[in-house]
Amino acid sequence: MLILGIESSCDETAAAVLADGRDLLSNVIDSQIDIHGKYGGVVPEIASRKHIENIYPVVQEALTRANVTLDDLDGLAVTQGPGLVGSLLVGLSFTKALSLVKKIPYVGVDHMAGHLLSVLLDNKPPAFPPTFPYIALVASGGHSSLFFVEDTVTFRLLGRSRDDAAGEAFDKVAKLLKLGYPGGPIISRTADNGDPEAIAFPRAWLGPESLDFSFSGLKTAVANHVHREEKQGRSLNIPDICASFQEAVVDVLTEKTIRAGRQSKVKNLVLAGGVAANLRLRERMQQRGKEEGFNVLMPPVHFCTDNAAMIALAGFHHFEAAATTTYDMDVYSRSRF
Ligand code: KG4
Ligand code: ZN
């Protein structure tokens, strides 16, 4: 079964071709980072316009690289939400048109479902074949959530951020320190030269059993530190701030994922979402998982950030579960979990 996946929920226009739910034939991503970078964040109106320009060439490129034509496809899968409405509409409208003209069935996929299954794109042991159930942390620009993943289509939300998402905190702190956008990779690189214990930034545990997250207090603590140092005429040690901030985020993400594993009595912990590309988080998760007796699985870095391969994979499992095509489907901006 050959599926074309399409993703346009934020600032990446992406398309991928996946065979039989495991062989990735192509994975094309056109990022708009350079365009939004100068505004310090994604500008929704510009993102929608860029998706309109990019979607046809990106899909064409995905088909060419996979060496297939539209006539070879058995199904289409598109991100339905959550995300920026204008951006999502470009992907969904394009997919509906393709589906109607070429008579190929399509399914709408939740972006979170894509991230939750992304670990299975690495189609060899230990990630594949999948061992359900698992606990998955999705830490991205829009979400910090913990899920109990029962199988390829059944996900239960266990905890989520009460304010900023982890990636959003990285982006906002980078903006505060005038480091550029997106903040995650820049902070991570800068932190390499800093001391993670230099500044004691707060960790919001929210109680001994809570699986929710909160990062806005941490962001404020970084801002307060910066203002205090500046007021006292001291120059900022940017690498130390980055390393100490990153350590605070990584601590909370890691320990809450372990906590969720213990509470749910599962063996497998999975990391996903753009923040899962963070090397310190990957290292700490492996180390703590081992100490606590869990298997820790994470997708290769290029499957952590937004891509259409994960959408094609989630779509494949929707088709397997007998999902049907309806043309009155609409996009949604907020998470349905
Ligand atoms: O999953 P993703 O590509 O898009 C959303 O669904 O939001 O995640 C993007 C987020 C951004 O906030 C970015 O700063 C963060 O992931 N990110 C990272 C790293 N790479 C990307 N955060 C920390 N460390 C990284 N290496
Ligand atoms: Zn994402």
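The values are calculated or read from the model by the stated rules, or taken from the named source; none is laboratory data. Fair warning: this is a prediction, and the values are worked out from it, not measured in the lab. As a convention, Cβ positions derive from the backbone with ideal geometry for all residues, glycine included, and neighbour counts pool all protein chains shown.
Which pairs do you get when a residue that is under 20 Å from GLU168 (Cβ atoms), found in the stretch 191-216, comes within reach of a residue that is acidic (Asp, Glu) and part of a loop (DSSP other than H, G, I, E, B), reach meaning Cβ atoms under 7 angstrom, with the pair 6+ apart or on two chains?
So the pair list comes out as LEU206/ASP212; SER214/ASP163; PHE215/ASP163; PHE215/ASP164; SER216/ASP163; SER216/ASP164.
Say whether the condition of being under 25 Å from GLY108 (Cα atoms) and buried (at least 24 other Cβ atoms within 10 Å of the Cβ) is met by at least one residue in the stretch 254-271.
Scanning the stretch 254-271, I find at least one residue that is under 25 Å from GLY108 (Cα atoms) and buried (at least 24 other Cβ atoms within 10 Å of the Cβ), so the answer is yes.
Let's see how each residue does on (1) free of Cβ contacts under 8 Å to residues at least 60 places away in the same chain; (2) in a loop (DSSP other than H, G, I, E, B):
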{"position": "LEU271", "(1), (2)": "no, no"}
{"position": "ARG282", "(1), (2)": "yes, no"}
{"position": "MET285", "(1), (2)": "yes, no"}
{"position": "GLU291", "(1), (2)": "yes, no"}
{"position": "VAL296", "(1), (2)": "yes, no"}
{"position": "ALA312", "(1), (2)": "no, no"}
{"position": "THR325", "(1), (2)": "no, yes"}
{"position": "ASP328", "(1), (2)": "yes, yes"}
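Results for (1) modelled with pLDDT of 95 or more; (2) touching a Pro at 6+ places or on another chain (Cβ under 7 Å), shown as yes or no for each residue.
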site	(1), (2)
ILE199	yes, no
PRO208	no, no
ALA221	yes, yes
LEU236	yes, no
ALA243	yes, yes
ASP251	yes, no
GLN263	yes, no
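What single numbered condition from (1) touching a Leu at 6+ places or on another chain (Cβ under 6 Å); (2) within 16 Å of ligand 2 (Cβ to nearest atom); (3) assigned to a helix (DSSP H, G or I) fails to hold for ALA248?
Among (1) touching a Leu at 6+ places or on another chain (Cβ under 6 Å); (2) within 16 Å of ligand 2 (Cβ to nearest atom); (3) assigned to a helix (DSSP H, G or I), the lone unmet condition for ALA248 is (2).
Would you please name the residue that is nearest to the chain's Cα centre (by Cα), looking only at residues in the stretch 105-116 that are among the hydrophobic types (A, V, I, L, M, F, W, C) and either surrounded by fewer than 20 Cβ atoms within 10 Å (Cβ to Cβ) or in a strand (DSSP E or B) (or both)?
Per the criteria, the residue is VAL109.
Can you confirm whether the stretch 142-158 contains a residue that is charged (D, E, K, R) and either in contact (Cβ under 8 Å) with a residue 60 or more places away in the chain or under 18 Å from ARG282 (Cβ atoms) (or both)?
No, every residue in the stretch 142-158 fails to be charged (D, E, K, R) and either in contact (Cβ under 8 Å) with a residue 60 or more places away in the chain or under 18 Å from ARG282 (Cβ atoms) (or both).
Within the stretch 64-88, count every residue that is of a type in the set (A, V, I, L, M, F, W, C) and at positive phi.
Summing the residues that are of a type in the set (A, V, I, L, M, F, W, C) and at positive phi in the stretch 64-88 gives 0.
Which one of LEU84, LEU176, LEU98, LEU146 is farther than 17 Å from CYS10 by Cα and surrounded by 22 or more Cβ atoms within 10 Å (Cβ to Cβ)?
LEU146
Specify the residue that is farthest from ILE33 (Cα to Cα); the eligible residues are those in the stretch 186-198 that are buried (at least 19 other Cβ atoms within 10 Å of the Cβ) and over 21 Å from the mean Cα position of the chain (by Cα).
Here the answer is GLY194.
Do you know which residues across the stretch 9-32 are surrounded by 22 or more Cβ atoms within 10 Å (Cβ to Cβ), not small (Gly, Ala, Ser) and not in a strand (DSSP E or B)?
If the condition is that a residue be surrounded by 22 or more Cβ atoms within 10 Å (Cβ to Cβ), not small (Gly, Ala, Ser) and not in a strand (DSSP E or B), then CYS10, ASP11 are the ones that fit.
Give the residue, chosen from ALA314, ALA322, that is crowded, with 21+ Cβ neighbours inside 10 Å and more than 12 Å from ligand 1 (Cβ to nearest atom).
Result: ALA314 is the single residue among ALA314, ALA322 that is crowded, with 21+ Cβ neighbours inside 10 Å and more than 12 Å from ligand 1 (Cβ to nearest atom).
List, please: which pairs have Cβ atoms under 6 Å, are six or more places apart or on different chains, and start with a residue in the stretch 99-116 that is under 16 Å from ALA309 (Cβ atoms) and end with one that is within 16 Å of ligand 2 (Cβ to nearest atom) and in a helix (DSSP H, G or I)?
Partner pairs satisfying both residue conditions: VAL107/GLY315; VAL109/ILE311; VAL109/ALA314; VAL109/GLY315; ALA113/ALA314; GLY114/MET310; GLY114/ILE311; GLY114/ALA314.
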